[in-house]
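> Before we start, here is the structure in question, set down as structure tokens.
The values are calculated or read from the model by the stated rules, or taken from the named source; none is laboratory data. Quick caveat, the model's predicted, so the values are computed rather than measured. Heads up, the Cβs are rebuilt from the backbone with ideal geometry, glycines too, and the neighbour counts pull from every protein chain shown. Please note that ligands, DNA and RNA were not included when accessible areas were found on the heavy atoms of the full protein model with its side chains. Shrake-Rupley method; radii C 1.70, N 1.55, O 1.52, S 1.80 Å.
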Amino acid sequence: MPPSSTLAPAAAPRPPRLPSPRGPLGEAVVTALDADPEGLSGSPEALGRATREDRLLTLWTLQELHRGGFAGVEDDAEDAPGVVALRRRLEQELEARLRGRWLSRAEPTESAQSAQSAQSAEPLGPAGPPPGAEPGTWAAEAIDGLVAADDGPSLARFVQRRATRAQALELLRLRSLYHLQESDPVAWLVPRLPVVAKAALVELQYDEYGAGDPARLHHHLFARGLEACGVDAAYAAHVDEAPVEILEQVTTVTMLGARRRLRGAALGHLAAFEATSCVPSRRMAQGLRRLGLPEEIGDYYREHVLADAVHEQLASRVICGALLEAEPQLADDVLFGAWTCLDLEARFAGRLLDRWAAS
Amino acid sequence: MSAEPPPEPSAPHVVPCPGGPLLLRGVSSVRDADGVEHPARRPVVALCRCRRTSEAPWCDGTHRLLAHAQAPTGHRAP
């Protein structure tokens, strides 16, 4: 038994309030969820006038009905016909945009290409392990190649050396929409995987969820860190602050995890996420200590240095390898998911660093 | 041979990662060269092979920052 002082209060989770709409689509959906979810249209008239931000916040809202729900919204709203139809439509749009970016991505530079395996250096064709290649080795090399070619800006490096306390706290609030539910979207994958990949994913997830000790559960560590900083740690407390890039990150990871068809992309995303966590987590921990923020928030990042040194190897070499051993036709989707993870983070980091530089 | 059922899948106890650490599955502790015992706190641990970690004996991801030539390439533990 872990010491009880390290556990969260045993109260039932408090569902968040519906977010403030950011346009006519969100207005229509929030109004319907509040009053009569069964009455929501799957194709509201406002859809044609909705911006990307309005659409992504609406998609996030619809996806959350399947997770923790919202205060004041009936539990069975999650499968009201309009909810399902509109979520499907918004996810189809999101997936089409992400696949369009993947297909039109910039050619890797020469030095990045040399870091890639011969297969993954072929940028636009459907990729896959060549005959006779060991799938785990192929997956690890191909994903490492994408990570090595990633030249997106680094928020962790900025926090390590230059961020102010206010900027670091803003980043923690913005990350909270992801970190307070991290691993949950991946958990949805478990029943959809072949046996070796399933055993390997659960081995990784067991560690993510604290290996039986709730005090070590990763998203709970983040919540304790936020509380120590005096930041509201309730799930989705800061959603109204989230820019479009964060909404795209969180709706993507939920979509990938919750759709059987996208299992390859979901595991590729996981592998790239883990492969870009270890060194940035150390930089975050150093930056938060430089700013004198409480040790509890640094503990979350320090835990990820050692955990993700293991997880990055498990995710690409063992889990994606096992998936591709059984389902080699998913190779291109694995790389699509991995690249998408890196691309979405580069977009968010670019946006926030630009804004901070301008202020 | 063809009548034999396929072998049961199994998870190896040692997984070398070219360019990176050595994964050890299901160990309770690791003893370093000075005889110091380091308890393993997770189901799989990663042992540093590039010798640049600041969390010895565990991998801390530093090998990703090394030039390709300095990264461990062999399949053996140091």
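> Counting pairs of alpha carbon atoms under 8 Å apart in space and at least six apart in sequence, what relative contact order in percent does chain A give?
The normalised contact order for chain A reaches 22 percent.
> Taking H placed 1.01 Å from N in the peptide plane, check which residues at least 5 places from B:Trp58 or on another chain put their amide H under 5 Å from its amide H.
It is B:Cys48, by chain and number.
> While we're here: Would you report the distance distribution of C-alpha pairs in the range B:14-67 as whole percents per 10 angstrom bin, up to the bin with the largest distance?
Pair shares across the bins are 26, 55, 18, 1.
> Ordered by packing density, taken as the mean number of other Cβ atoms within 10 Å over each peptide's residues, highest first, how do A:332-343, A:37-48 rank?
Packing proxy ranking, top to bottom: A:332-343, A:37-48.
> Also, I was wondering about something else. Using Cα pairs under 8 angstrom and six or more residues apart, how large is the relative contact order of the range A:242-338, in percent?
Across the range A:242-338, relative contact order equals 41 percent.
> While we're looking at this one, here's another question. Net charge around A:Ile246, counting only other residues with Cβ within less than 11 Å of its Cβ (Lys, Arg = +1; Asp, Glu = -1)?
Neighbourhood net charge equals -1.
> Hey, another quick one. May I ask you to derive the FRET efficiency for A:Ala133 and A:Asp354 from their Cβ-Cβ distance with R0 = 41 Å, giving the value to the nearest 0.05?
About 0.50, to the nearest 0.05.
> Just A:Ala140, A:Ala271, A:Ala85 to compare: in a GNM of chain A, with alpha carbon springs under 10 Å, which one fluctuates most?
It is A:Ala85.
> Here's something else I'd like to know. With a 1.4 Å probe and all protein chains left in place, how much of the accessible area of chain A comes from carbon and sulfur atoms, in whole percent?
Here carbon and sulfur together make up 53 percent of the probe-accessible area.
> Please arrange B:Ser10, A:Ser20, A:Ser316 by accessible surface area, largest first, computed with a 1.4 Å probe and ligands excluded.
Largest accessible area first, the list is B:Ser10, A:Ser20, A:Ser316.
> Among A:Pro194, A:Pro15, A:Pro130, determine the one that fluctuates most according to a GNM of chain A built with springs between C-alpha atoms less than 10 Å apart.
The residue with the greatest mean-square fluctuation here is A:Pro130.
> Another question, if that's okay. More than 32 Å apart: what percent of Cα pairs in the range A:115-358 qualify?
When all Cα pairs of the range A:115-358 are counted, 18 percent exceed 32 Å.
> Counting only protein heavy atoms and rolling a 1.4 Å probe, how much accessible area do B and A lose on contact, total for both sides, in Å² to 100?
Accessible area lost upon association: around 1900 Å².
> What do you get for trypsin sites (Lys or Arg not before Pro) in the range A:14-54 restricted to DSSP loop and a cutoff of at most 16 other Cβ within 10 Å of the site's Cβ?
Those that pass, being in a loop and sparsely packed, are A:Arg17.
> Please turn the phi angles of the range B:11-22 into ³J(HN,Hα) values with the Karplus equation 6.51 cos²θ - 1.76 cosθ + 1.60 (θ = phi - 60°), one per residue in order, whole Hz, x for glycine and proline.
These are the phi-based 3J(HN,Hα) values: 9, x, 7, 10, 10, x, 10, x, x, x, x, 10 Hz.
> Compute the signed sum of charges (Lys and Arg +1, Asp and Glu -1) over the other residues within less than 12 Å, Cβ to Cβ, of A:Leu314.
Residues near A:Leu314 contribute -3 overall.
> Any number yet on Rg/Rh for the protein assembly as shown, C-alpha, Kirkwood?
Taking Rh as the inverse mean 1/r over Cα pairs, Rg/Rh reads 0.96.
> Further question on the same structure: Which whole-Hz couplings ³J(HN,Hα) result when phi for each residue of the range A:153-161 is put into the Karplus expression 6.51 cos²θ - 1.76 cosθ + 1.60, θ = phi - 60°, listed in order with x for Gly and Pro?
Those phi angles translate into x, 10, 5, 5, 5, 5, 5, 4, 10 Hz.
> How much accessible area per residue does the range A:115-358 have, in Å², with a 1.4 Å probe?
Solvent-accessible surface per residue comes out at 35 Å².
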